């Protein structure tokens, strides 16, 4: 029989990433896909799964995500804030937000020399998102 210790054991399972997948809720998948394709210069693939429609962000490594339309997928300016990758310099992507149907709510702002910069925007569906980059 073991003994009770007054000190709890420290968990030794450090994770590389705490996010494994993200989903951005949308009301109009076509409009939202057009928005993200335009600001990032990408081509998102769409798919149907059960009663949900999805457009997948193209990634080769790292964390992936999708735009999702379906029951319970309600865009919001409140709640968790997802930071999207702005590459080396987020400004070229941010410059496309308004032309694509979004709205900038905080322009490019320096966090620190090490952490880089970020900006906040509302996408075409009404979601508040952030974008960050080193420059």
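The values are calculated or read from the model by the stated rules, or taken from the named source; none is laboratory data. As the structure is a prediction and not an experimental result, all values here were calculated from the model. All Cβ positions, glycine included, derive from the backbone under ideal geometry; neighbour counts span all protein chains shown.
Observations
- Of all the criteria given as (1) within 18 Å of residue 31 (Cα to Cα); (2) assigned to a loop (DSSP other than H, G, I, E, B); (3) under 15 Å from the mean Cα position of the chain (by Cα), the one not satisfied by residue 71 is (3).
- Output for the range 23-36, where each listed residue is exposed (fewer than 15 other Cβ atoms within 10 Å of the Cβ) and either closer than 15 Å to residue 64 by Cβ or under 14 Å from the mean Cα position of the chain (by Cα) (or both): 23
- Residue 84 being free of Cβ contacts under 8 Å to residues at least 60 places away in the same chain, in contact with a helix residue (DSSP H, G or I) (Cβ under 7 Å, 6 or more places away or on another chain) and closer than 16 Å to residue 21 by Cβ: no
- In the range 116-134, the residues that are at pLDDT 95 or above and not in a strand (DSSP E or B): 123, 124, 125, 126, 127
- The residues of the range 7-34 that are more than 18 Å from residue 84 (Cβ to Cβ), part of a loop (DSSP other than H, G, I, E, B) and either in contact with a strand residue (DSSP E or B) (Cβ under 6 Å, 6 or more places away or on another chain) or at pLDDT 80 or above (or both), listed by number, are 14, 27, 28.
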